[in-house]
Structure formats: structure tokens, C-alpha cells
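Structure, as C-alpha cells:
Where a number appears in this text, it was derived from the coordinates with a stated rule and is not lab data. Keep in mind the model is a prediction, meaning the values are calculated, not measured. Note that each Cβ is placed from the backbone with ideal geometry, even for glycine, and that neighbours are counted across all protein chains shown.
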Amino acid sequence: VEAKRESRPARGAPQNPLLAMSIMSYNGAAIIAMVGKNCVAIASDLRFGINQQQTTAVDMKKIHKIHDHLYVGLSGLATDQMTLAQKFKFRHNLYKLREGRNMKPETFAHVVSNVLYEKRFGPYYAEPVVAGLDPVTGEPFITGMDLIGAMAPTTNFVVCGNNEESLFGVCESMYKENLEPEELFEVIAQCLLAGVNRDCLSGWGGVVHVISKDKLITRTLKGRMD
Amino acid sequence: RSSTHIRAQGRVDAPQASSTMARRYDSHTTTFSPEGRLYQVEYAMEAISHAGAAVGVRTDHGVVLAAEKKILSKLLETGTSSEKMHKLDDHLGVAVAGINSDANILINSARLTAQRYLMTYQEPVPMEQLVQTLCDQKQGYTQYGGLRPFGVSFLFGGWDKNCGFQLYQSDPSGNYAGWMATAIGANATAAQAILKTEYKEGMTLLEAKQLATKVLKQTMDSTKLEAEKVEMSEVGWVNAETKENVEYRVLQTKELTALCDEANAEAEAKAAAGKK
């Protein structure tokens, strides 16, 4: 009886002490977006874990297509990332019906920021990365955001996920400007794999999309399956 | 007695003295007439009978919607928006007959309904559900609020997983029905009569387009059908063999011209044969 009492947590204490750490690390994710020559690439890992310790799926989609030249990747709490992806699809569908054209990446990024900020004091626990090409000019655009919508557009790369520091480091060393689509694929794939290898919450393979004006390259990466 | 009745209600009667009993029951949409009619709803349908015709034909391979454009002017900027045809979702389109501004409100509402369904169920909204929701909205304007009904009739063409390709018609009263082929707007009864005789089961999508063009030609005022006066849209398989995806598509001028020329030629041949 004594032993049983010890193993049960006291009433009022959180059932799972790990939750107290960070809701953003509950599921696990790693996402990178990079700008190349007239193309953008976006890559993510495929792990879906629960409670930080358990891996439940290894084919979890974190990058969602909005239209042919616009993709959004979401890290953080999986339920929020799924719901947000559906919300963004909703918004874009209506935009397309009313305006008769696809959204520009910058416009979409502002929509994402807006949706997130609406929940300023009870936020979605997801951090997005937007990557796309202007539907008319084909100019590349990427941006990252925090969970309440603060945008950080850059001209080189953005990362988000559990192991951001590693991802930043590896991208910083390997990134070069004006890479062609195939080269960009190599760089972003290697960066992703290197970045997730030392992180237990992300990994189990990866998926990369390289978006050019007339072509889309989508490939699945095989990495360390742990 | 009747005048005091009106004064007590505080209504301002119509300026011209009217003899028919009906006039007293006109002003309020939410009031039945003694004969059990809703005059405002009927007047709305009257408005629609002056609008450009729209024809719909349903086949097992797709649904065709064709319409007569009423606003024709060289000065009009065509752009991407259409006068009669509107997309509600990837698998659904409507043809409008009636007051276009009223239609725009309902179309926007329908688009929102479709997206909300998609958001909740992560699958495209079944056609009848969408038609029903829209018609419930139309019905509300015949029963509550004292607002006038929407002066629009719709032809919905689309596809869903459960019932395949479907064609629905709705009117200002909020009634709707599923059809194999139907028409709304000007000369709708004449168009319906032609459809009744000419419609066949098992038509291909092309035959349906040809039928719709023919019916339009016969109900429009002009003798020769021109592509600029007509709008046509279809909901059909993107790839007829794989049958993976349906798509709503507005027909391009080239295809329209071909259909119109064909209809014109057929009519001329018939007239020539008739003369002999």
C-alpha cells in the first residue's frame, strides 16, 4: 500500500512534469526554408511524438501546400499546427474565389501573422515558416514567425522547431546564395539531417520541396531512424 | 373601416389608389394573403422572369450550366468575374438568374458555408447540404424580419462522393429540387418544354453542352447565337479515365464559339429543310 501511494502523484500536481517544460516540445518538429536562384526550398522532419518520449508516427506532414507556388511549414504543438494549416487553407480558398487569383507569399504571410495575433493572449502553440514564389514575377519569398505572429522576412533562410540553434548553425555554415534548384535541394537536405540528428524530438526522415516557377521537386529523405 | 385599419397600423399606403385587395397584403413579406399566397415571394419570381435565362443539364459525366448575358456593352470590362456563372468551391458552381446584387450576398454566404464544412469535416461539402443551407437562408427572408426576399434563382451544378453529379434549382421562396435538366429566368417555361422533349438519358458531356446551347438559342431573342452573349460552365472530371478529381470550369471563348456556330448551323439547316 505504501509503495502504491508513492508512485501516484499528489493531487493538484501536474500529471506530467514534462508538460511544465514546454508545450512547444510536446510533439517535436524541425523546419527549414531557403532561398535559391528563382526558387525556394522548404524542408521538414517527419517525426510525430507524444509526451516527448514516445514516437507515434514517422510520416507526419508538417509542410502544407497552399497553392502551387506557396507552402507553409508549421512547428510546435501538432494539433495547433494541423488546425492552423486547415485555417490557412480556408482563408486562401475564399481569397481565391473572391479575387480570382492565388495569394502572393507576402500577403499570405500577413494573413498567417494576423490569424496568430488574433489569439495574442491565448496563442496557438505553433511557429510557422512561409515559403513561396510570387505568382506573377516568380520572385522568391520566405519568412519565419513566432507563435504570436511576429514576422522575420529574410533573403537567405529561416528555421523553426525544437533544435533551432543547431539548425541555425548548420544553415549558417552551409548556405550559399543563388543556388540552382538541385543544389539547393542538396544543401537544405543536408542541413535538415544534420540539424535533426542530435535532437531526439525531431528526425525519423525528412521531406523536401523545391519550388521553381515551372517545376516542383518533392523528395523524401532517409535519415537516422531514431 | 379599412382606412382606419391602415391608419392604426401606421403604414403609408401606396400613393395610387388601388382597387385590388391584394395590395394591402403586399407590403409585408411575412404576411399571407387571404388566398394563402405570399405576394412578395411571387413578385420576386416575377423579377426573375425578366432576367437572363439560365439552363442546366446533368449527365453521368458532368453538369453543364449555360446562361444568356443581359449586360452587353463594348465598354464593359470583362476581366475575371462573370455575370452569370460563379464558383462556390472546387466541385460546385452556380448560374444566377435575377438581381445580381442579391445573388452576390448569397454566393458569398454559400462560399463561406462550403469552406466551414471543409474545415470541420476535411472533405468537400455535399451538394444538397449546401443547397439546403442556402435555401434555409432564403426562406428566412420570407418569414422573419419583414425584409424582402432575395430576387434570385440559382442553378447549382456539381459533384459529391455520395450522389455523383447533381443539378439543383432554387427560387426566392427557399424551395429547391434536383433536376436532370431545367431552366430559370426569361422564357424558362419554353426552355423547360424543349428540354423535356430533347433530354435523353446517358448523354455525354458534349451532347449536354450542345443541348444547352440549342435551348438557349431557341429561348433568346436574337436569331443568331453569338459567343459574346452566352456564358457556359461545367463541372466534370479533370481526367475522364482516372476519375480522380472534379473541377468547375468556365468555358473559353473558342469552345463557346464552336458550340454557337454548331447550333446556328443546325437551326439554319432545319429552317431550310422546313422551307422545302
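Listed values, structure above:
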item	result
Chymotrypsin sites (Phe, Trp or Tyr not before Pro) within the range A:125-223, DSSP loop, no more than 13 other Cβ atoms inside 10 Å	none
Once exposed loop trypsin sites (Lys or Arg not before Pro) are cut out (DSSP; at most 16 other Cβ, 10 Å), longest piece of chain A	A:121-175
Longest site-free stretch - chain B; sites: chymotrypsin sites (Phe, Trp or Tyr not before Pro), DSSP loop, at most 12 other Cβ within 10 Å	B:145-276
Under 27 Å from A:K119, Cα to Cα: lysines that are on another chain or at least 8 residues apart	A:K61, A:K62, A:K65, A:K87, A:K89, A:K96, A:K104
DSSP-assigned coil residues among GluC sites (Glu not before Pro) in the range B:41-94, each with at most 16 further Cβ atoms within 10 Å	B:E77
Candidates B:N108, B:N264, B:N239, ranked by Gaussian network fluctuation over chain B, Cα under 10 Å, top entry	B:N239
Sorted by Cβ neighbour density within 10 Å, fewest at the top, the residues B:R116, B:R58	B:R116, B:R58
Prolate/oblate/rounded label for the range A:91-226 (Cα gyration tensor, a/c 1.5)	oblate
Charge dipole (debye, nearest 20) of the range B:47-166; +1 at Cβ of Lys and Arg, -1 at Cβ of Asp and Glu	320
Order of B:I194, A:I217 - criterion: other Cβ atoms within 10 Å of each residue's Cβ, fewest first	A:I217, B:I194
In sequence order, calculated HN-Hα J values of the range A:184-199 (Karplus, 6.51, -1.76, 1.60; Hz; x Gly/Pro)	4, 4, 4, 4, 5, 5, 5, 4, 4, 4, 5, x, 8, 4, 9, 10
Signed unit charges on C-beta, dipole axis of the protein assembly as shown, positive-most listed residue A:M151, B:A272, B:T257	B:A272
About the Cα centre, charge dipole magnitude for chain B (Lys/Arg +1, Asp/Glu -1 at Cβ), debye	960
GNM flexibility winner over chain B from B:G202, B:G79, B:G164 (Cα, springs under 10 Å)	B:G79
Amide hydrogen neighbours beyond the local backbone of A:G36, cut-off 5 Å, H modeled	A:A41
Derived scalar couplings ³J(HN,Hα) [the range A:32-45; Karplus, 6.51 cos²θ - 1.76 cosθ + 1.60; whole Hz; x for Gly, Pro]	10, 10, 9, 9, x, 7, 6, 8, 10, 10, 9, 9, 9, 7
At q = 0.07 Å⁻¹, base-10 log of I(q)/I(0) for the protein assembly as shown (Debye sum, equal scatterers on each alpha carbon)	-0.55
Hits among aspartates and glutamates - C-alpha to C-alpha of A:K37 under 16 Å, sequence gap 8 or more where chains match	A:D134, A:E139, A:E177, A:E180, A:E182, A:E183, A:E186, A:D214
All lysines inside 18 Å of B:K74 as judged from Cα atoms, apart from same-chain residues fewer than 8 positions distant	B:K84, B:K229
Overall form of the range B:119-158 per C-alpha gyration tensor (a/c, 1.5; a/b vs b/c)	oblate
Theoretical ellipticity at 222 nm over the protein assembly as shown - DSSP helices of four or more residues, -39500 (n - 2.57) apiece, nearest 500	-11500 deg cm²/dmol
